[in-house]
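Q: Below you will find the structure I want to go over with you.
The values are calculated or read from the model by the stated rules, or taken from the named source; none is laboratory data. Given the structure is predicted, the values throughout are model-derived calculations rather than measurements. Here Cβ is always computed from backbone atoms with ideal geometry, including for glycine, and neighbour counts include all displayed protein chains.
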Amino acid sequence: MENFISDLAIILISAGIVTLLFKRLKQPLVLGYIVAGFLAGPHMPYTPSVSDMTSIHTWADIGVIFLMFTLGLEFSFKKIVKMGVGPIIAACSVMFCMMSVGSMVGHFFGWGSMNSLFLGGMLAMSSTTIIYKAFDDLGLRQQKFASEVLSVLILEDILGILLMVVLSAVAVSRQFEGMALVGSLLQLGFFLILWFVVGVYVIPIFLRKAHRLMNRETLLVVSIGLCFLLVVVAQKAGYSSAFGAFMMGSILAETLEAEQIERVVSPVKDLFGAIFFVSVGMLVDPAVLATYWLPILVICLAIIAGQAVFGTTSFLLSGQPLRIAVQGGFSLAQIGEFAFILASLGTTLGVTSDFLYPVVVAVSIITTFFTPYMIRAARPTYQWLERIVPANVMQRLAERGTKAAPTIAHEEGVWKRLLTALVSQVGAYLTLSVAVILISFSVLLPLSRALLGHWWGNAVCGLLTLIVSSPFLRAIVMRKNHSEEWKELSRQGRLHRMALWITFVLRYAIAAAAVYYVFNFLSPLWWPWHVAAAIAVVGLFIASRQTKWISIKMERTFLQNLRSREARALADGTEPGYAGRLTNRNIHIAELEVPDNSAWAGRRLCELAFSHEDGVMIAAIVRGAHRINVPDGEAMIFPTDRIEVIGSDDSLQHFQQRMQSEQTAYPLAASRLQLRRLLIRQGSPFIGLALRDSNIRSAYHCMVVGFEDGDGNIIPATAERVILRNDVLWVVGEDDHLTTLRSKAREVVTEWGRG
């Protein structure tokens, strides 16, 4: 325990000192954490070193959990769906290209097929946490290209989970086995749908029930508890802890408490995130750098050049203009936490060499150092391209993405809308049904057999399984059968009606197959009897009014939870209808939070003159649960206000920097109040004046709290109380203001006492 405390002290002290220096030098704090880790690591003999690296790795893993949790809070699955196909194209393209580059580098050095394959996987994904932190430190998170980059990074993290599954299957079998790979992907999809659907249904209900009992402390404890709950579940299912944390963040992002959770978790995330980056710096081994300096150098150059070229090209393929494409491609030029996870996976499975992990760590450190400089180099590179690229080509590339997106709803066919809804709903309800069956067979069946015997236990377990899954099975068959799309297609002719009935029969067969599986597993009867019973049971579910009511109620609750934030925004009149149009142009909207000690606090918008000073406009001010849309010049800014600002990238960046720099430092003396006793003598200018007319509050910034009577008791002061000769006033104020009051009445005030 003593070593643990001393190690943690070394980490935090070194991180604090080095990051203060980096802050002074205006460098990203991520680099400072890594340098602090190297200084506190076991490979630096001239500074105090950490003695137990195992515990530090544990803290670092917790740091990754919190970082992925907060990322999930900001980028929910619903937001990702709304992104469209652009980020998907960019993420898939850049991952495929960088994986190919990594594999070719591994084969070039003769490291073997498995080492090369895993190296390609490590180079395929950029570091979400590092880029996220670098954007924060450089004040770039509010720029348009940053949102595009972060969208691609989130998709890379999701695809990274798929990549881990694929590499695990390949590592176990030592070859690509199609069926095993498909099975692993189906299992992953099953868990994704199950966790998301159950989470969105259950967690908002729980938070609403416990709303009255929630304060900042309990909300912090509950949200972190939920995060670690899904982390444990993800690990039990064979997935990484980071994946579970990201999933819980995405689920909580759909709740009304998402913003509050993000605010209370942020300090904890910053602490453990710092420990994570410090631990990465501790892994830097100069001996490894000396032995494998050439491969490390080549891999670093491959990442920087590959991401600059392929990353830019991928963003162009996704429909982004050249400026945003260059900025996005240059921002991805590093590897991070997923590379460490894949390296550990390869080492655990015994398919990669021992040297690969330290090489990847060294490459990650070096590329992380270059990340802020690559981000800053994007603009000069774009300006250079403007000079060498023909004007007509440059104009076409620069105008990409500036046109407003067409209205998709009018262009989509009715069949497309219907089939999309059917596939998503059948997938969700079938997942829930399968989950009920699996849980019932693994938990309920052994218990019922132990209590009731084999066959009676089977009967009870089967009956309860069918009852619980009945709303889901009914929804598989009956959802969308009375929708507007279904009615419109029914009116378009016999062929359309026949196709609709085919979809109905297929869904009926899927539901019957689930019921058949239950009968076949629990009953010894001949299989045709199981088929007939399954068809009859599904028909009974369809005819049951009780099952219909439960199914509709559950779906309405789920959709209500999923759309709760949008519903509240619409109810309050706070839905920013202009946002979708602005994001397709050079100007866009960003949300910023006013610092606690901002010098703007208490000042009106007309005094601050943001449009003149920064070239931005204030669209809304969000203060707690209240929102002021399109505020006028008399509206005031207060600490912790969230303000929605409209402007270009440059103007928003200038505005954010000025907001962070213009902060008030409150001296200690100015915050201390003194309580003193003032005796009114003959000739005082206050004699005969009511307290409200004495100007003690307005002129001297002091407050009279009471009058002392003859017995020494304090009588509360009122505005109508007239000050008389020999009155004793008890006055509150700051030292300098009390001194001014005394000097002003020096000729008549003869006695001051201290309370």
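Q: Just checking, does region 417-437 include any residue being among the charged types (D, E, K, R) and modelled with pLDDT of 80 or more?
A: Scanning region 417-437, I find no residue that is among the charged types (D, E, K, R) and modelled with pLDDT of 80 or more, so the answer is no.
Q: OK, next. Return the residues of region 435-479 that are of a type in the set (Gly, Ala, Ser) and either more than 21 Å from Gln425 (Cβ to Cβ) or assigned by TED's automatic domain parsing to the domain that holds Phe190 (or both); say none if nothing qualifies.
A: Within region 435-479, Ser440, Ser442, Ser448, Ala450, Gly453, Gly457, Ala459, Gly462 meet the criteria.
Q: Sort out which residues of region 273-317 are surrounded by 24 or more Cβ atoms within 10 Å (Cβ to Cβ) and either modelled with pLDDT of 85 or more or closer than 19 Å to Pro380 by Cα (or both), and write them in order of number.
A: Passing the criteria: Ile299, Ile303, Gln307, Gly311, Thr312, Ser314, Phe315.
Q: Does Ser241 satisfy the condition of being assigned by TED's automatic domain parsing to the domain that holds Ser344, touching a helix residue (DSSP H, G or I) at 6+ places or on another chain (Cβ under 6 Å), closer than 21 Å to Glu593 by Cβ and among the polar types (S, T, N, Q)?
A: no
Q: Going by the conditions given, is Ser353 among the small types (Gly, Ala, Ser) and surrounded by fewer than 20 Cβ atoms within 10 Å (Cβ to Cβ)?
A: Yes.
Q: Next question. Taking the residues in region 363-410 that are of a type in the set (S, T, N, Q) and at pLDDT 75 or above as candidates, determine which candidate is farthest from the chain's Cα centre (by Cα).
A: Asn392
Q: So is Val101 modelled with pLDDT of 85 or more, surrounded by 15 or more Cβ atoms within 10 Å (Cβ to Cβ), part of a helix (DSSP H, G or I) and among the β-branched types (Val, Ile, Thr) or not?
A: yes
Q: Considering each of Thr58, Thr54, Thr47 in turn, give the residue that is assigned to a loop (DSSP other than H, G, I, E, B), among the hydroxyl-bearing types (Ser, Thr, Tyr), at pLDDT below 85 and surrounded by fewer than 23 Cβ atoms within 10 Å (Cβ to Cβ).
A: Step by step, each of Thr58, Thr54, Thr47 is checked, and only Thr47 is assigned to a loop (DSSP other than H, G, I, E, B), among the hydroxyl-bearing types (Ser, Thr, Tyr), at pLDDT below 85 and surrounded by fewer than 23 Cβ atoms within 10 Å (Cβ to Cβ).
Q: Now for a separate question. Can you confirm whether Arg507 is basic (Lys, Arg), touching a Phe, Trp or Tyr at 6+ places or on another chain (Cβ under 6 Å) and in contact (Cβ under 8 Å) with a residue 60 or more places away in the chain?
A: Judged against the criteria, Arg507 is not a match.
Q: Here's a follow-up. Specify which of the listed residues (Trp501, Trp549, Trp529) is at pLDDT 85 or above, more than 20 Å from Ile467 (Cβ to Cβ) and in a helix (DSSP H, G or I).
A: Selected residue: Trp501, the only one of Trp501, Trp549, Trp529 that is at pLDDT 85 or above, more than 20 Å from Ile467 (Cβ to Cβ) and in a helix (DSSP H, G or I).
Q: Here's something else I'd like to know. With the condition kept exactly as written, say whether any residue in region 198-214 is free of Cβ contacts under 8 Å to residues at least 60 places away in the same chain, of a type in the set (Gly, Ala, Ser) and under 23 Å from Ile437 (Cβ atoms).
A: yes
Q: Also, quick follow-up: What do you reckon, is Thr348 among the hydroxyl-bearing types (Ser, Thr, Tyr), out of contact with any helix residue (DSSP H, G or I) (no Cβ under 6 Å at 6 or more places or on another chain) and at pLDDT below 90?
A: So Thr348 fits the description; yes.
Q: May I ask you to say which residue of Arg658, Arg642, Arg676, Arg681 is over 31 Å from the mean Cα position of the chain (by Cα), at pLDDT 80 or above and among the basic types (Lys, Arg)?
A: Checking each option against the conditions leaves just Arg676.
Q: Quick check on this structure: which one of Thr367, Thr347, Thr313 is of a type in the set (Val, Ile, Thr) and either outside the structural domain of Arg141 (by TED's automatic domain parsing) or without any contact (Cβ under 8 Å) to a residue 40 or more places away in the chain (or both)?
A: Only one candidate passes the filter, namely Thr347.
Q: Name the residues in region 411-465 that are polar (S, T, N, Q) and touching a residue at least 12 places away in the same chain (Cβ under 8 Å), would you?
A: Within region 411-465, Gln425, Thr431, Ser433, Ser440, Ser448, Asn458, Thr465 qualify.
Q: Let me ask you something else. Six or more apart or on different chains, Cβ under 6 Å: which pairs go from a residue in region 280-308 that's within 24 Å of Gly32 (Cα to Cα) to one that's hydroxyl-bearing (Ser, Thr, Tyr) and surrounded by 16 or more Cβ atoms within 10 Å (Cβ to Cβ)? Could you list them?
A: Taking only residues 6 or more apart or on different chains, the pairs are Cys300/Thr367; Ile303/Thr367.
Q: Before we move on, is Ile502 in the same structural domain as Arg449 (by TED's automatic domain parsing), at negative phi and either surrounded by 14 or more Cβ atoms within 10 Å (Cβ to Cβ) or among the acidic types (Asp, Glu) (or both)?
A: Criteria not met by Ile502.
Q: Within region 226-252, which residues are β-branched (Val, Ile, Thr), without any contact (Cβ under 8 Å) to a residue 40 or more places away in the chain and within 14 Å of Leu192 (Cβ to Cβ)?
A: Within region 226-252, Val233 is the sole residue that qualifies.
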